[in-house]
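For reference, the structure discussed in these notes is given below.
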Amino acid sequence: MNKISAIGARLAFVAAFAAAGAAPLTAQAAQDHHQKASHARCQNCGTVVSTRTYERAAERASGLGAGGGAVVGGLLGNQVGSGNGRTLATIAGAVGGAYAGNRVERNMHKTTYTDVRVRMANGGYRVFTEQGNPRFGNGDRVRVQQGRLIRD
């Protein structure tokens, strides 16, 4: 009987030791796996720290503004002076009107852009330029997906 009790006690001790030792290893392995998965998932995650919105005039105009401006400028220039002075004023008015008309047309077709500055999960900063008004505010959690920002 003593022999069976001693073996039973040893088995109980080994079982208790194994159970106590296995629990932390299982929990630690699960935690490490979760941290690695979370870290891999958040490589492209970040927080918006600032936004700046601005407008940019069109690079090119169709020529309608320049043509219209040249006609109007030429007509106004023709009202000034007489003789050769009138001819020079007409030419100057047409050139000035063409330039002004081109600028007006380009400004009519301006585009709004927003620079979004993001503090990435790795501690670095990235700036993303988006067309249009801001979609994100300071403190918003975002993720980079295919080079674009999406709400996280």
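The values are calculated or read from the model by the stated rules, or taken from the named source; none is laboratory data. The structure displayed is predicted, hence computed values, not measured ones. Every residue, glycine as well, gets a Cβ built from its backbone with ideal geometry; the counts of neighbours run over all protein chains shown. Side chains included, ligands, DNA and RNA excluded: accessible areas come from the protein's heavy atoms. Shrake-Rupley method; radii C 1.70, N 1.55, O 1.52, S 1.80 Å.
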Fraction of accessible area attributable to carbon and sulfur, the range 86-136 (%, probe 1.4 Å): 53 percent
How far is it, in nm, from the label point at residue 108 to the one at residue 56 when both lie 7 Å from their Cα along the line to the Cβ? 2.2 nm
Shape category assigned to the range 38-152 from the gyration tensor of Cα positions, a/c cut at 1.5: prolate
When the Karplus curve 6.51 cos²θ - 1.76 cosθ + 1.60 is applied with θ = phi - 60°, which whole-Hz ³J(HN,Hα) does each residue of the range 100-106 get, with x for Gly and Pro? 5, x, 5, 5, 4, 5, 4
